[in-house]
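Presented below is the structure to which this report refers.
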Amino acid sequence: MYDPLHDVSPGIGEPYPDSYWSTISGKSPVSDGKLVGEVSTNVAIIGGGFTGLSCALHLARNHGINAVVLEANQTAWGCSGRNAGFVLKNSGRMSFSEMEKRWGKQVMHAVHEEMSQGVDLVNRLIDEGIDCDKQSSGYLKVAHKPNQMEPLIALAKLQQKRFGYQVDVLTKEQVRSDYMNDKNAYGAIRFHDGFGLNPLKLAWGYQKFSQQAGATIHSSSPVLNWRKMANGYELHTPQGIVKADKVVIATNGYTPKGFHSLIQSRTLPVLSQIIVTEPLTDSQLEQANIKTNQVVMDTRALKYYYRKLPDNRILFGGRGAITGQTANDPYYTQRLLAVLKTSFPSLQQVNIAYAWSGWICMSLDDIPHVYHNNEQDIFYAMGYCGAGLSFSAQAGKRLAERVAGKELPNIPLYQTPLPKFPLAPLRRIGQWSYFQYGKFIDKYW
Ligand SMILES: Cc1cc2nc3c(=O)[nH]c(=O)nc-3n(C[C@H](O)[C@H](O)[C@H](O)COP(=O)(O)OP(=O)(O)OC[C@H]3O[C@@H](n4cnc5c(N)ncnc54)[C@H](O)[C@@H]3O)c2cc1C
């Protein structure tokens, strides 16, 4: 499998992975095909996932700028078409408490407002006519041990005090009788506004809207190299050249090795693994008492997440392999299935129907960065740390504003570059050490 820390290109026109999403979503919308020959544009966007597509859409709709998107493979071939489809009001890994400690109350509120706007934006785009199998609202954050309930209750109270919205506290008995009989759940808090959807259909909706608004989207067109010219940039794909005044990098966890000095050594691509089971029968659902299709995540350091899909399959996810070379080792999918069965022992006979993984993009400071480098006139948004479905829409919209010359809110997410990883060549060893630490904490804490 493509490994961004080792490979210099994610491929050319690679098909979608054999995922549940790519199997059930029907035909993809038609792109503008492979770039052949030379084109000139005001803005070139590299990467056709949520970030790149949202940027292209908002550039066209709100600023009258018709960008050219260059996607190495297919629209949403990266994370955007592989994720679990959890729409949550967050991004990055930093808690709001930590933000308040570092930056003060006002900035923390401003960040929360941006993340809320991300969810609102996704909802508005869906309401414009994207059929993406949106499920009912609710996000259960489940205590994986009894001692995790106290911090969860404190978090619920804090959320209510800070942001003025209701978060339910559910006892172990309530979770198991009213939502799902998860034997690893010792209570939960429930946010009212998270939900699940089909992320590939969502991205295809963004693609259609972007093209209708005036953007051009070239699939099978990886940027292999690019250089600065007297005026703007020249980007080379296998059969074409784009001359652009400004360049937006929207490659996130799929950014190839050595792609550009501005982002070199500033991200850590980490594999997240998903399995999807066969459809559960009515009696299997009854035995496991799975009544909800709301989205579920636990409190482990190395988190597991799951949801019941519209056709009664269970999507279950967690960490994957460390390198691309070992990504397809069945060990990782079997491990997830084993954990699923500890949560629902009555599902011993259930098999895996689909399995795939994707590279999430970690940043050193645990927050995403939407950034403009003035000197080089290059823009980027990345580092969502595995939580970018809704915020990438907002990041793309904000990127578009920045490209159009507007100022962005004065918050670290929009004003600071991705920090460099110290000892960058050792990032994978750091990741491995964190996994060991996480395993220890999850078992003994
Ligand atoms: C398994 C998994 C589960 C996840 N679950 C969730 C979830 O439930 N909720 C949530 O909020 N987030 C989730 N995420 C994270 C979320 O999917 C991402 O934050 C989001 O999709 C990032 O979108 P993006 O457009 O920035 O990047 P991507 O969608 O990764 O797009 C980057 C694109 O750039 C292209 N590219 C790379 N190099 C080049 C080049 N040289 N030339 C041209 N194109 C190039 C790639 O082909 C790729 O298509 C998950 C991620 C994974 C992997």
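The values are calculated or read from the model by the stated rules, or taken from the named source; none is laboratory data. Since this is a predicted model, take the numbers as computed values, not measurements. Virtual Cβ from ideal backbone geometry, glycine too; neighbours counted across all protein chains shown. Side chains are part of the model used for accessible areas, which takes the heavy atoms of the whole protein and leaves out ligands, DNA and RNA. Shrake-Rupley method; radii C 1.70, N 1.55, O 1.52, S 1.80 Å.
Can you confirm whether the range 142-155 contains a residue that is within 27 Å of K308 (Cβ to Cβ), open to solvent by 20 Å² or more (accessible area, probe 1.4 Å) and within 14 Å of the ligand (Cβ to nearest atom)?
no
Answer with yes or no whether S221 is farther than 30 Å from N184 by Cα, open to solvent by less than 30 Å² (accessible area, probe 1.4 Å), more than 10 Å from the ligand (Cβ to nearest atom) and in contact with a Leu (Cβ under 6 Å, 6 or more places away or on another chain).
Numbers: farther than 30 Å from N184 by Cα: yes; open to solvent by less than 30 Å² (accessible area, probe 1.4 Å): yes; more than 10 Å from the ligand (Cβ to nearest atom): no; in contact with a Leu (Cβ under 6 Å, 6 or more places away or on another chain): yes.
So S221 fails the test.
Scan the range 224-241 and report the pairs whose first residue is closer than 12 Å to L70 by Cα and whose second residue is polar (S, T, N, Q) and surrounded by fewer than 19 Cβ atoms within 10 Å (Cβ to Cβ), with Cβ atoms within less than 7 Å and a gap of 6+ or a chain change.
L224/S9; H236/N225
Would you point out the residue of the range 39-70, among those that are in a loop (DSSP other than H, G, I, E, B) and over 17 Å from the mean Cα position of the chain (by Cα), that is farthest from the ligand (Cβ to nearest atom)? Can you show your working first?
Taking the range 39-70 first, the residues in a loop (DSSP other than H, G, I, E, B) are 47-49, 64-67.
With the extra rule that they be over 17 Å from the mean Cα position of the chain (by Cα), the set shrinks to 64-67.
Values: G64: 23, I65: 19, N66: 18, A67: 14 Å.
The extreme case among them is G64.
Only one of (1) open to solvent by less than 50 Å² (accessible area, probe 1.4 Å); (2) under 23 Å from K201 (Cβ atoms) fails for V111. Which number is that?
(2)
Yes or no: the range 351-358 includes at least one residue that is open to solvent by 10 Å² or more (accessible area, probe 1.4 Å), outside any loop (DSSP other than H, G, I, E, B), of a type in the set (V, I, T) and within 18 Å of G78 (Cα to Cα).
Looking through the range 351-358, none of the residues is open to solvent by 10 Å² or more (accessible area, probe 1.4 Å), outside any loop (DSSP other than H, G, I, E, B), of a type in the set (V, I, T) and within 18 Å of G78 (Cα to Cα).
Every residue in the range 85-105 that is of a type in the set (A, V, I, L, M) and open to solvent by 10 Å² or more (accessible area, probe 1.4 Å), please.
Across the range 85-105, the qualifying residues are L88, M94.
Where residues in the range 402-424 are part of a helix (DSSP H, G or I) and surrounded by fewer than 19 Cβ atoms within 10 Å (Cβ to Cβ), which of them is nearest to the chain's Cα centre (by Cα)?
Of everything passing the filter in the range 402-424, P412 is nearest to the chain's Cα centre (by Cα).
If Q160 passes every condition in (1) open to solvent by 10 Å² or more (accessible area, probe 1.4 Å); (2) under 22 Å from A395 (Cα atoms); (3) in contact with a strand residue (DSSP E or B) (Cβ under 8 Å, 6 or more places away or on another chain) but one, which one does it miss?
Of (1) open to solvent by 10 Å² or more (accessible area, probe 1.4 Å); (2) under 22 Å from A395 (Cα atoms); (3) in contact with a strand residue (DSSP E or B) (Cβ under 8 Å, 6 or more places away or on another chain), only one is false for Q160: (2).
Suppose we filter the range 364-393 for residues that are in a loop (DSSP other than H, G, I, E, B) and not hydroxyl-bearing (S, T, Y); how many remain? If you could, list the steps in order and put the result at the bottom.
Going residue by residue through the range 364-393, those that are in a loop (DSSP other than H, G, I, E, B) are 364-368, 374-377, 383-390.
Keeping just the survivors that are not hydroxyl-bearing (S, T, Y) gives 364-368, 374-377, 383, 385-389.
Residues that pass the stated criteria total 15.
With respect to the numbered conditions (1) in contact (Cβ under 8 Å) with a residue 60 or more places away in the chain; (2) open to solvent by 40 Å² or more (accessible area, probe 1.4 Å), which one is the sole condition not fulfilled by R335?
Looking at each condition in turn, R335 falls short on (1).
Within the range 311-331, track down each residue that is within 16 Å of the ligand (Cβ to nearest atom) and either surrounded by 21 or more Cβ atoms within 10 Å (Cβ to Cβ) or under 21 Å from F195 (Cβ atoms) (or both).
The answer is R313, I314, L315, F316, G317, G318, R319, G320.
With respect to G396, is the statement that it is of a type outside the set (K, R) and in a loop (DSSP other than H, G, I, E, B) true?
No.
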